[in-house]
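What follows is calculated from the coordinates using simple rules that are stated; it is not laboratory data. Only a predicted model underlies this, so the values are computations on that prediction, with no experimental measurement involved. Neighbour counts are summed over all protein chains in view; Cβ atoms, including those assigned to glycine, are modelled from backbone coordinates with ideal geometry.
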Amino acid sequence: MTDTELEQKILKYLSTVNMAKNKSVATAVGVEKSIVDKAISKLAKEDKIEYVYLGTSYVKLKGQQ
Amino acid sequence: MSESETPRLDQLETGPWPSFVSEIKKMAGRKPAARDLLRQMELSYKDRVTHWKHGGIVGIRSYGGGVIGRYSDSPEQFPDVAAFHTIRVNQPSGWFYSTKALRQICDIWEKYGSGLTNFHGSTGDIILLGTTTEKLQPCFNELSDEAGFDLGGSGSALRTPSCCLGPARCEWSCIDTLDLCNDLTHSFQDELHRPAWPYKFKIKISGCPNDCVASIARSDLPIIGTWRDSLRIDQEEVRKYAADGFDIENEVVALCPTDALEWDEKTLTLKLKAEDCVRCMHCINRMPKALRPGLERGATLLIGGKAPIMKGAFLSWVLVPFMPMTPPYTEFKVLVRKIWDWWDENGKTRERVGEVIERLGMARFLRDVGLKPLPQMVFRPRANPYVFWRSEQK
Amino acid sequence: MAIDIGPPDYKEMLHPVIKKNYGKWKYHEILQPGVLKHVSETGDEVYTVRAGSPRLVSVDFIREICDIADKYCDGYLRFTSRHCVEFMTPDKERIQPLIDEVKAHKLPVGGTGKSISNIVHTQGWAHCHSAATDASGPVKAIMDELYDYFVSMKLPALFRISFACCLNMCGAVHCSDLAIVGVHRKPPKVNHEKIAVVCEIPTTMASCPTGAIRRHPDPNIKSMVINEERCMYCSNCFTVCPAMPIADAEGDGLAIYVGGKVSNARHAPMFSRLAIPYLPNNPPRWPELVSAVKNIVEVYAANARKWERMGEWIERVGWERFFSLTGIPFTEQHIDDFTHAVETFRTSTHFKW
């Protein structure tokens, strides 16, 4: 899987949930968590995802209600 | 004269200790948010409950923390604190500042926020207390681009590392706490700013076992400076203390926890049984002109410290009794990454590393991160007979 | 917009005399309460004046201390881990004018050696959604009462007070000579309408340390119920689920824990332990809390030996003696019933009357 494919897969998964921890994103896309962490960081820097804090930190699609 | 809006809080402006109420009032004339903060606090003082709601938002582009969202539960009554978010700003090592840097922060914060701050928050950050959602980004941009400051950590991330003032103004520091803190903070920006872990992770650095930043209680991974050889004694200076009437026998020798010191009245010599010394710092604290830490210096690393939530508080446990600490700190960085990976893989949501170690066992943790068991890690070995053997050991 | 630039270089924040003597300091003396003298191997000296601060301060306050630092300290200052401000100068002649100026700004000079330094504390009603009490207010009321111990060095040893406005203990106060913690005493109230919208039910159930939260027995109601008998009011569920508010004007208040320390000097670091399980929230000046703290400090001051920290004194004389000397009643709340409780039960016939 290329980086772009992984990022697309992550964004697609996040569009199906309200918010998720990195670990559940990794499980959902079936890729090692450390690689998913890096992809999520990149997506955050590209302003495609944002973070929510509710006792622990979650990621979600930017602007998704 | 009109009646005060805050008769209860006004009572905290009397007395000799400087008053936070007076501080909020200084801003209340210029900042409607500061005035509404006072009014909302007055309501809390009347009905004895908080009037803040959960936050949740983060709000700075590409960051996953550094902002604590906060909303009033009575926005109609206190519209100017309807949204009153906090920004955590990463302090320079050891909380040293030039007035130029501080004034820049003040000017930016007066422009974008309530003008109220904490110097500092519990984790060590500068806390900028209270602004609206739309001011977060421009405020950050100016802090970063103009003043050269960055956000601290929040959420399930590495929290802002902090350290004692170390070699900058203390003769006891066995490691360069300021450089180490600064180096680690810069090395781990992604871990600090984009939370990806089960929960928070704190690193605090003290230069000696006096532990002035309370690292052993307040951090998951305390780094405490220490030495391996013998402490140094200047007998000439010892004699000067004695000549000045300082009671060496009772104030120093009698309080040594391992009975490692002896004061010879005849020869006026302080003798140390170096092999019995546990480097607690008491004698050095009492006689700083005569006694000093040894020269073979490094740090003790510990693991697992935390406050009670959720399975009870822990003091940190000895993990590496002695590690040399010189730039670029590679040995430490390799180990801490292994610890993070282990915790991230095994930890449940909101489980601190100490709790995972308690649940899965220290022996397994040590094995998985590649550390050898050492007697310095325990007060005493187990008393129970419930011993595990792995197949390759049988 | 630059991201991830990290904190500014600390070397730019150091006074030239600090920079020059970095790592070369030889010894120090406390000249008087709040005034330190550090001497370097190079023969250089630096004098420090330490001042108390309310921690919650305005930008005007910061500008005022900057003015002082510009006038006497060549434009540099620092803060301590306990929220004090430190002004440093290599010039001996400047110490007295500097002290005078700090005092003219109504800031106390002290907090060194055998004193009560500033109280490490949290946000309270000024900024926290989970606060069981205010923080800045009780801290101000206590420091007014204990002011004399800040500006003098007459205690047996140093004395560290910390304050957390709920059990989350931002700032981990659990190893202080005297720790004050905001506590709840009533279970959270579950808002069944709101819960499905704002909370994750599995996360919330998992957040309970005693397993007191379970799914609503009616499968048509997507919510949770609390076994109130098992709730010890930690508010951890409220942290992850805003629909379980726990604040309650009558139930909330404060508890006092004593005898903790973090320094390795002499005795190993130790936890603070429960002295008073509940005192009422009585703003604006919390008189019950203030007099309870003062009593404990004074009993310690009158009975401990020189250099003995609170916990070291109590461990020497025994907790039974601590309770009799302070007059604090020992109750069933003092006996631990959480995870490591048995470690605190006495397994010897060594005790006092």
query = With Rg and the Kirkwood Rh both taken from Cα atoms, where does Rg over Rh land for the range B:182-241?
reply = 1.22
The protein assembly as shown, Cα convex hull volume normalised per residue, Å³ = 180 Å³
query = For labels at B:LYS46 and C:ASP60 in the simple 7 Å Cα→Cβ model, what's the distance in nm?
reply = 2.5 nm
query = Within 10 Å of each Cβ of C:23-30, how many other protein chain Cβ atoms are there on average?
reply = 5
note = Across the alpha-carbon set of chain A, Rg over Rh with Rh taken as the Kirkwood radius works out to 0.92
remark   = Gyration tensor on Cα atoms of the range C:1-152, a ≥ b ≥ c root eigenvalues, a/c under 1.5 rounded, else prolate if a/b beats b/c, else oblate, says oblate
ask   = Say R0 is 51 Å: what FRET efficiency, to the nearest 0.05, do B:THR14 and B:GLU236 get from their beta-carbon distance?
value = 0.45
ask   = How much of the calculated P(r) for chain C lies past 28 Å, in percent of all Cα pairs?
value = 54 percent
ask   = Nearest 0.05, what FRET efficiency do A:LYS48 and B:ASP145 give at R0 = 25 Å with Cβ-Cβ as r?
value = 0.60
query = In a solvent-free Debye calculation with one equal scatterer on each Cα, what is log10 I(q)/I(0) for the range B:1-126 at q = 0.19, 0.20, 0.21 Å⁻¹, listed in the order of the q values?
reply = -1.26, -1.35, -1.43
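Relative to the compact globular guide of 2.2 N^0.38 Å, what is the alpha carbon radius of gyration of chain B, as a ratio?
That works out to 1.18 for chain B.
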ask   = For the range B:5-61, what does the equivalent ellipsoid look like in terms of its semi-axes, each the square root of 5 times an eigenvalue of the Cα gyration tensor, given largest first in whole Å?
value = 24, 16, 11
query = Under a plain spin-label model, where a point goes 7 Å from the Cα along Cα-to-Cβ, how far apart in nm are C:GLU315 and B:HIS186?
reply = 4.1 nm
task = Give the long-range amide H neighbours of C:GLN123: residues separated by 5 or more places, or on another chain, with amide H under 5 Å away, using H modelled in the peptide plane at 1.01 Å from N.
result = C:CYS165
remark   = Relative contact order in percent for the range B:172-267 (Cα pairs under 8 Å, 6+ apart) equals 20 percent
remark   = Violations at 26 Å Cα threshold for listed pairs B:LYS135/C:LYS71; B:LYS306/C:LYS194; B:LYS240/C:LYS114 -> B:LYS135/C:LYS71; B:LYS306/C:LYS194
message = Give me the extension gain from B:GLU296 to B:PHE246: residue separation times 0.36 nm, minus the current Cα-Cα distance, reported in nm with one decimal.
response = 15.1 nm
query = Can you give me the pair-distance distribution of the range C:219-353, C-alpha pairs, 10 Å bins, whole percents?
reply = 9, 31, 32, 19, 7, 2, 0
key: Ellipticity estimate at 222 nm from DSSP helix runs (n ≥ 4, -39,500 (n - 2.57)) divided over the protein assembly as shown, nearest 500   = -9000 deg cm²/dmol
Label-point gap, in nm, between B:ALA383 and C:ASP4 - each point 7 angstrom along Cα→Cβ = 5.1 nm
ask   = Considering chain B as a Gaussian network with a 10 Å cut-off on Cα pairs, which listed residue, B:THR131, B:THR258, B:THR117, attains the greatest mean-square fluctuation?
value = B:THR258
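Over all directions, the average projected area of the alpha-carbon convex hull for the range B:251-347 comes to how many nm²?
Values: hull surface 37.4 nm².
So the mean shadow area of the Cα hull is 9.4 nm².
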task = Provide C:PHE79, B:PHE20, C:PHE61 in ascending order of the number of other Cβ atoms located within 10 Å of each residue's Cβ, fewest first.
result = C:PHE79, C:PHE61, B:PHE20
note = Any lysines whose Cα falls less than 20 Å from that of A:LYS12, other than same-chain ones fewer than 8 residues away, would be A:LYS21, A:LYS23, A:LYS33, A:LYS38, A:LYS42, A:LYS45, A:LYS48, A:LYS60, A:LYS62
task = Treating each Cα of the range B:41-94 as an identical point scatterer and ignoring solvent, apply the Debye formula and state log10 I(q)/I(0) at q = 0.13 Å⁻¹.
result = -0.43
